[in-house]
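A short write-up of the structure that comes next.
The values are calculated or read from the model by the stated rules, or taken from the named source; none is laboratory data. Since we're looking at a predicted model, the values are computed, not measured. For neighbour counting, all protein chains shown are included, and Cβ atoms are generated from backbone atoms with ideal geometry for every residue, glycine included.
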Amino acid sequence: MINKLLLQEGQKQVLYAAIFTIVTFLFICNFLGWIALFVTIALAYIYRNKNKPSVIVSDVVSPCSGKVTAIDITNDKKIIYIDVSLCDMHILRAPISASFKISENRKGLNLDSDSFRATKLNQRVTLDFDNIEISLLSGRCNLKTSILEEQELLKGDKLGVFTAGKIKVTLDKNNVIKVKIGQKIQAGVTPLA
């Protein structure tokens, strides 16, 4: 039952917050209890679970929910930058049906993902699919980044959890980009290319 409401990766945090809320209301102070209740509700919202979306027939779908902040086109690559906030859905989905490997998993800080220092010091995870590279750069409020073990996934399958930061999707130059800057996208549903 609880797995239908909350992501498994966030159940422990929500449980601890709920226990702290009850203890605070019973033994400490009602004011702090209300603050703890707000934090518990916020954590439950952040780690809410949404059923697997229906996948559109497309080459590449969005790996996460968020807002497209930039699109770069170079000689041999097309890069889409997606900003993931705490209000977005945090489930990472496979953009194509393929196996993936984790090419980089660097632990780090949680500085503001828009700063230059963040690119050097923040946590970074890079996933390689057949012809797609997804780079996750943690943000200031990134609670947890968890990625499944390397395996074969179908398009739209759950890949992991990423709560806040920037995602860089690197595509081949042959792909036609179907999103625009400022567009809100949904994980596993919105076609990127």
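For Asp112, state whether it is surrounded by 14 or more Cβ atoms within 10 Å (Cβ to Cβ) and outside any helix (DSSP H, G or I).
Criteria not met by Asp112.
Can Gly182 be described as in contact (Cβ under 8 Å) with a residue 12 or more places away in the chain and on the phi > 0 side of the Ramachandran plot?
Yes: the conditions hold for Gly182.
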Condition broken by Phe31, with the remaining ones in (1) within 14 Å of Ala187 (Cα to Cα); (2) modelled with pLDDT of 85 or more; (3) loosely packed, with under 12 Cβ neighbours inside 10 Å satisfied: (1)
Flag if Ile102 is touching a Pro at 6+ places or on another chain (Cβ under 7 Å) and either surrounded by 20 or more Cβ atoms within 10 Å (Cβ to Cβ) or more than 19 Å from Ile46 (Cα to Cα) (or both): no
